[in-house]
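Chemist: This structure is in structure tokens; I'll ask about it shortly.
The values are calculated or read from the model by the stated rules, or taken from the named source; none is laboratory data. Treat the numbers as computed from the prediction; the structure is a model and nothing was measured. FYI the Cβ positions are ideal-geometry reconstructions off the backbone, even for glycines, and counts take in every protein chain you see.
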Amino acid sequence: MNKTYDVKSVPIPKFSKPIDLAEGKRLYQSRGCGDCHDVDGSGKTFIEDPAIGILSGSNLTAGKGGILADRTDEELAIAIRHGVGKNGRALIFMPSTDFQGMTNEDVGKLISFLRSRPAIDKSQGEVKPGPLGRFLFLIGEIPVFVSAEIINHETTHLANITPSVSIEYGKYVASTCTGCHGFNLKGGPIQGAPPEWPPAQNISKHGLTKYTESNFIQTIRTGKRPDGTEMKFPMPWKSLGQLTDTELKALWMYLQTIQ
């Protein structure tokens, strides 16, 4: 957890048009950034468990206690996609494995949106891994505790990707799901979650046999499964409901290829 990483920065495009900032906002909401950094970007404590630890998202505004004024866009991109902070040290419990494949364009729109937001004065919440959290990390059960350790920092990022109902684009969208559903998307206990959290569902083809494309999309939009039951916390269906029809159809198409 004290290891440092040398990650080369790449130029990140800047955006100012309302349509691009709106897309940055949608990315922030649909990719679940608010789950740790709050809806206004000011950060919040999202896990407070004596065994797992106390984990809080950073204040992503330019206010007092925030990090935005002290980071370049390129440094923010490294934090998002590599899980590495300004000083080269790993960010604790930053799920960069979900975002490592984001294109330069999407990261740029996300960062530009953050910079357009009001400054909020709020101190950084505590980040203190607990004894069980440290142990589970050491035995490989919570790799997200130090996502920088398992990310390929030599990856060449795509400049952009054209949204389409395709397996390729569905795979791009599905990376958002890996933090809870696992890299193989077959579910199970959620990394670092308190014991009372339910396990993530298997969302491979075999785990979705009761779904069609239509009711899969409806479930994400409404939080209600085809049998009428409601998806339980921490399934972030309200965030994922911000995904476009193209994203959801492509996601469904890709999940159907996972055996």
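Chemist: So N184 fits all but one of (1) crowded, with 17+ Cβ neighbours inside 10 Å; (2) over 22 Å from L76 (Cβ atoms); what number is the exception?
Modeler: (1)
Chemist: Right, something else. Restricting to segment 156-180, and then to whatever is free of Cβ contacts under 8 Å to residues at least 60 places away in the same chain and assigned to a loop (DSSP other than H, G, I, E, B), can you tell me which residue is farthest from I78 (Cα to Cα)?
Modeler: Checking each candidate, the answer is T162.
Chemist: Something else now. So which helices (runs of 4 or more DSSP H) are wholly in segment 195-259 and hold at least 2 residues that are touching a Pro at 6+ places or on another chain (Cβ under 8 Å)?
Modeler: 213-222, 245-255
Chemist: Please give the helices (runs of 4 or more DSSP H) falling wholly within segment 1-83 in which 2 or more residues are modelled with pLDDT of 95 or more and acidic (D, E).
Modeler: By residue number, 18-30, 73-82.
Chemist: Only one residue in I190, I150, I142, I220 is under 29 Å from V127 (Cβ atoms) and either loosely packed, with under 15 Cβ neighbours inside 10 Å or free of Cβ contacts under 8 Å to residues at least 40 places away in the same chain (or both), so which one is that?
Modeler: I150 is the lone residue from the list that is under 29 Å from V127 (Cβ atoms) and either loosely packed, with under 15 Cβ neighbours inside 10 Å or free of Cβ contacts under 8 Å to residues at least 40 places away in the same chain (or both).
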